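Worksheet for the structure shown next.
The values are calculated or read from the model by the stated rules, or taken from the named source; none is laboratory data. Not measured: the values here are computed from a predicted model. Reconstructed Cβ throughout: ideal geometry from the backbone, glycine too, with neighbour counts over all protein chains shown. Keep in mind that these areas ignore ligands, DNA and RNA; they rest on the heavy atoms of the full protein, side chains included. Shrake-Rupley method; radii C 1.70, N 1.55, O 1.52, S 1.80 Å.
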Amino acid sequence: METTKGREALEHWRVEFMGRVTNPLFAEALFDRVPDIVFSVKDIQGRYVCISEACAERCGLKSKAAAVGRTAHELFPQHMADRYVRQDEKVFRTGRPLVDNLDLTLFNNREPGWCLTSKVPLFDATGDVMGLACLSKDIHEPGRAGLVDERFAATIDFIQANYGERLRIDSLARRAGMSAAQFERRMRRIFQLSAGQFIMKTRIDAAAERLVEDVREPIAAIALSVGFCDQSALSRQFKQVTGLSPREYRQLVESVPGTAVSRRKR
């Protein structure tokens with residue numbers, strides 16, 4: 001059975017290995033081969049450092065290089081760019097990732113469509129946020145009736161903004177304008193998760209961020225703030241998902257040199 005020390009050693013090795021990589025744009029080249037996924041990196045001013053081929057094609061650019069140094073408002077319709085910028089600013093302000101946001105985007109044919117977007121902050125050597133990396137995957141909607149509309153997308157936004165509250169599936173379904181059964185089917189088609197599993201995942205993601213954001217914050221307080229009834233409920237679910245207790249997870253992240261958390265402790 002793998003020990004905590006063993007996991008720490010592997011994490012040390014992993015971080016040290018990536019620190020020796022001299023071609024940090026390798027991810028851009030990999031995602032060039034995946035036309036239904038858009039990959040990009042932006043600096044703290046929201047300027048594109050790099051994008052994948054799919055993004056350049058959707059924005060009507062002759063090459064990826066044409067996007068470098070430009071912003072979302074220079075490449076996308078304003079209503080899309082406004083939302084992207086609000087998301088970026090939240091990542092820059094909080095230093096926390098955004099996971100599985102439902103967003104309108106442009107598909108390869110320049111027609112609007114829906115995607116699932118995740119964004120993670122990028123930190124410099126002092127632990128300050130210096131930019132972000134973004135990954136958006138197209139949602140392909142079979143048939144004439146689309147899986148996603150504005151009300152459904154707004155309901156997902158509501159879950160991600162209010163995960164600390166008590167969330168009832170029937171109430172969420174009404175907010176989305178459908179029955180509970182329809183809502184469950186749509187969640188499974190888009191996220192491959194039930195509505196309850198999606199809420200649980202959102203809470204676990206939030207707890208993981210809080211655990212390392214302030215190492216002095218009591219785990220019991222974190223549990224209550226992200227929607228669990230007590231610390232034991234969080235610990236049970238957290239270990240089931242990650243294989244670690246909240247305390248072990250916090251200790252592991254703190255112990256790895258080169259991470260934003262360990263740098264902030266210095």
ask   = Pairs under 9 Å by beta carbon, first residue in contact (Cβ under 8 Å) with a residue 40 or more places away in the chain in region 167-183, partner of a type in the set (A, V, I, L, M, F, W, C) and surrounded by 13 or more Cβ atoms within 10 Å (Cβ to Cβ), six or more apart or different chains?
value = Leu167/Phe158; Leu167/Ile159; Leu167/Ala195; Leu167/Ile199
inquiry  = I need the full set of residues from region 98-133 which are among the charged types (D, E, K, R), at pLDDT 90 or above and either touching a strand residue (DSSP E or B) at 6+ places or on another chain (Cβ under 8 Å) or closer than 18 Å to Asp205 by Cβ (or both), in order please.
reply    = Lys119, Asp124
query = What number goes with the only condition from (1) assigned to a helix (DSSP H, G or I); (2) of a type outside the set (D, E, K, R); (3) more than 25 Å from Val34 (Cβ to Cβ); (4) open to solvent by less than 50 Å² (accessible area, probe 1.4 Å) that Phe198 does not pass?
reply = (3)
ask   = Any idea which of Ala65, Ala56 is in a helix (DSSP H, G or I), open to solvent by 50 Å² or more (accessible area, probe 1.4 Å), of a type in the set (A, V, I, L, M, F, W, C) and without any contact (Cβ under 8 Å) to a residue 12 or more places away in the chain?
value = Ala65
Ser40 being in contact (Cβ under 8 Å) with a residue 24 or more places away in the chain and either closer than 30 Å to Gln197 by Cβ or among the small types (Gly, Ala, Ser) (or both) = yes
note = Counting only residues in region 137-147 that are under 19 Å from the mean Cα position of the chain (by Cα) and open to solvent by less than 60 Å² (accessible area, probe 1.4 Å), the one modelled with the highest pLDDT is identified as Asp138
inquiry  = If a residue must be under 22 Å from Phe228 (Cα atoms) and either open to solvent by less than 60 Å² (accessible area, probe 1.4 Å) or touching a helix residue (DSSP H, G or I) at 6+ places or on another chain (Cβ under 8 Å) (or both), how many such residues does region 161-183 contain?
reply    = 9
request  = Sort out which residues of region 120-132 are open to solvent by 20 Å² or more (accessible area, probe 1.4 Å), of a type in the set (A, V, I, L, M) and either in a strand (DSSP E or B) or under 15 Å from Val85 (Cα atoms) (or both), and write them in order of number.
outcome  = Val120, Leu122, Val129, Met130
